[in-house]
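Presented below is the structure to which this report refers.
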Amino acid sequence: MSFLDSSPHPAAPVSAFTPEQVRSLVLPILEAEALPPIVQVGHPALRQQSLPFDGQLTSEELGALIDIMRQVMHNAPGVGLAAPQIGVPLRLAVLEDKFDVGPEAVAARSRHPLDFFAVVNPQYTATSGDYAEHYEGCLSVRGLQAVVKRAVDVQLDYFDVQGRQQKASFNGWQARIVQHETDHLNGTLYIDRCSIRSLCADSQYGQWAELGFDTARASLGF
Ligand code: ZN
C-alpha cells in the first residue's frame, strides 16, 4: 500500500455483512430515540473494507441515515464522519467544516470552510506532487493526535445521495478531511499513516500548538 493513496490496507478484510445484515443493523439506528455512539478503535467496522452502497437501503432510509450521521458529526463535534464510525460497514461519509479557526490556522493549514456534503462510494486521487504534514485527530481514536503527511490536492470521485456521479477537487485542509474520511471506508485510520513518534495525548498537544510544529519535531524526534 502506498501511504498516500486511497488503496485499502492489505490487512483490511472485506466486510462480510449480507444486505439483510446491513438492514438489520441500520433500521434500529433509524428508529432509535437517541443518536448512535461513535465506535472506537478496536471495533471491527473501523478495520474492515466497507461495502459499496448498492441499494441495501431504500433512498428514504439512506437519506435518514445520512441525516443521523450529520447530527452525530455536529454533536461530537467534528468535521467529518464515516458510516463505520457508527458501526455501519457501508461506503458513506459526511463532511463539513464550519469551525472558526482564526487567521493563523487558515494560513498555516490552508483551512477554509467546507459546506456540508455527503458522499457515497468515494475514491480520491492525489492530483499534484505536493504534500503537507499537520497534526490530525479522529473521533474514533479519542484523546490522541499525531502528524500525518497527506496530499495537498486531491480529486474525489463519488456519488451523491441522489445517485448522481460527481467529481470534485479539494485543496489544503479540505483535501485532508476528504482523505481521512475516505480512508475510514477502507479500514485505514490516521494512526496507520502518522509519524508514530509525533503521537500526542490531547493533554500534551496544547504545548505544541503554542510552540509550533518545528519545535515539536525537534523535541519528539519525528
Ligand atoms: Zn476519523
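Convert 20 °C to kelvin, take the viscosity as 1.002 mPa s, use the Kirkwood radius over C-alpha pairs of the chain as Rh, and evaluate the Stokes-Einstein diffusion coefficient in µm²/s, rounded to a whole number.
120 µm²/s
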Given the Cα-Cα distance of T58 and L211 and 0.36 nm per residue of separation, how much length would full extension add, in nm?
50.0 nm
Rounded, prolate or oblate, given the Cα gyration tensor of region 126-170, with a/c below 1.5 counting as rounded?
oblate
Taking the Cβ-Cβ separation of A218 and F99 as r and a Förster radius of 30 Å, what is the calculated FRET efficiency to the nearest 0.05?
0.60
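Determine the per residue accessible area of the chain with all protein chains present and a 1.4 angstrom probe, expressed in square angstrom.
Values: 10530 Å² over 222 residues.
On a per-residue basis, 47 Å².
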Most positive-pole-ward Cα, T58, W208, H180, against dipole of the chain from beta carbon charges:
W208
Theoretical gain in end-to-end length, S7 to T125 [0.36 nm per residue, Cα-Cα removed]:
41.5 nm
If each K or R counts +1 and each D or E counts -1, the residues other than A32 whose Cβ falls under 14 Å of its Cβ total -4
Per the C-alpha gyration tensor (a ≥ b ≥ c, the square roots of its eigenvalues), region 1-98 is rounded if a/c is under 1.5, else prolate if a/b beats b/c, else oblate; here it's oblate
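The values are calculated or read from the model by the stated rules, or taken from the named source; none is laboratory data. All values reported here derive from a predicted model rather than from experimental measurement. Cβ: placed from backbone, ideal geometry, glycine included. Neighbour counts: every protein chain shown. SASA here: full protein model, heavy atoms, side chains in, ligands and nucleic acids out. Shrake-Rupley method; radii C 1.70, N 1.55, O 1.52, S 1.80 Å.
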